[in-house]
Each structure stands twice: as C-alpha cells, then as structure tokens.
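Engineer: Before I ask anything, let me first share the structure, which is written out below as structure tokens.
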Amino acid sequence: MTAARVRTAVLLLLALAGLTALSACGNRKETITRAETEGPYLDVGELQYQVQVSRQLNPEDVEDREYLVGLAPEEAQLEPDETWFAIFIRVQNETDEPQPASKQFEIEDTLGTVYEPVPIRSTNPFAYRTGMVEPGATLPPQNSPAHDGPIGGSLVLFKMPLASLANRPLELKIKSPLAPQTEGVVDLDV
C-alpha cells in the first residue's frame, strides 16, 4: 500500500472514530437550570419544572377569585399598593424512583428584593402541593382540577408591591429539596 493510501485510510478511521464519539454524546440529555422565558422545562434535582404561565390575579374576576380560595384571613386582603402574582407550575418525574417535589420557591426582582409564596390551605384545589412524585407522574396529578383546568398547572401565589413589577425581569427560583444549593431559575413574563 502506498503512503498516500495509508494516510487516507488513517484519516478515514479517525473520522469514523470521531463520528462514533459524537453520536454517543447525542444520547445524553442536556441539563437545563436556567430559562429566559416561561415554557422550557428546568432540571431541578431529579424532577423537571415548567412554568405554564405567570400573571397578576384580579380578585374581582370570577376565575381569579377561585384561585384565591383558602387564604388565611390575615393574608387575604391586599394593601392599595399590592397585587396578587400567580405562577402556575407543572412538575414531572421521568426517573424510575419516587422523587420529592420542591418546597421552596422565591421571586427576586432586579433590586434584589425577594418574595416568598403566600400559604394556601388545602381547600384550594389549584394550590401547589409538595410531596413525592411517583415515576412517570406529574404535579398537578392527572384528573385534578389544577391539571384539567384552563392553565394545567398548580398555583404558587405571591403577594407583591405593584412597584416591584417594574423591576424586571422577575426571576423565579426553584430550590431542590435534596440539595438546596441546586436551583432552577426562570425569567417571568410580566
């Protein structure tokens, strides 16, 4: 065999080895922990979280009033400069084991002010409920009002000053229940 043919054969073998290595990389799922908009799934611990939609709630609106059921009396009233801000979230478990869902959410504005969710009693069928998510299952669970409702996500509710909506982007942070230093972050549409 001539030197040119040997060189060509070696180059072909190297190219094939490179393609094989690249194709093996395609089997790995990319981990996404940050999104610049609502919609993409974020990998937080072993679960995937998706913000379906975020928006202000109007207590005078018939639909929105149902989302506000189950608030403690001391939390139920807004000050004139406050608003209800709702995040509807979907969680899914694609592993083979039950996984704990996050208990910790917070919104941070561009000034560094952090807001935590308002507790909602179990009488609200749309409220986010933490717990174990079975393999292949979702939160909200199938056939629940939150799952089958117009949004298809569980409600995480915040009470915020109206002025904070101008300090955008607002970032939702979702902390892993098993490793709190691990979090997913999504910029919220306001």
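Read-outs throughout are calculated quantities, based only on the coordinates presented, and are distinct from any laboratory measurement. Remember, it's a predicted structure, so these values are computed and weren't measured experimentally. Positions of Cβ are backbone-derived with ideal geometry, glycine not excepted, and every protein chain shown enters the neighbour counts.
Engineer: Going highest first, how would you order 58-71, 125-138, 150-163 by mean Cβ packing within 10 Å? Kindly include the intermediate steps, with their values, before the conclusion.
Structural biologist: Working: 58-71: 14.4, 125-138: 16.2, 150-163: 18.8.
Answer by packing, highest mean first, reads 150-163, 125-138, 58-71.
Engineer: What ranking of Ser54, Ser122 emerges when the number of other C-beta atoms within 10 Å of each C-beta is taken as an exposure proxy, fewest first? Before the final figure, lay out the partial values.
Structural biologist: On the way: Ser54 22, Ser122 8.
If I rank by nearby Cβ atoms, fewest first, I get Ser122, Ser54.
Engineer: Would you please give the FRET efficiency between Glu116 and Thr182, computed as 1/(1 + (r/R0)^6) with r the Cβ-Cβ distance and R0 = 22 Å, to the nearest 0.05?
Structural biologist: Values: r = 19 Å, r/R0 = 0.84.
E between Glu116 and Thr182, to the nearest 0.05, is 0.75.
Engineer: Another question, if that's okay. FRET efficiency for Asp96 and Ala76, Cβ-Cβ distance as r, R0 = 41 Å, nearest 0.05? All intermediate terms of the calculation are to be shown ahead of the outcome.
Structural biologist: Values: r = 42 Å, r/R0 = 1.02.
It comes out at approximately 0.45.
Engineer: Cα centroids of segment 69-110 and segment 138-190: how far apart, whole angstrom?
Structural biologist: What the calculation gives is 6 Å, centre to centre.
Engineer: Grab the Cα-Cα distance for Gln104 and Asn167, subtract it from 0.36 nm times how many residues apart they are, and report the gain in nm with one decimal. Please report the intermediate quantities before stating the final value.
Structural biologist: Details: separation 63, 0.36 × 63 = 22.68 nm, distance 2.19 nm.
This chain segment gains 20.5 nm when fully extended.
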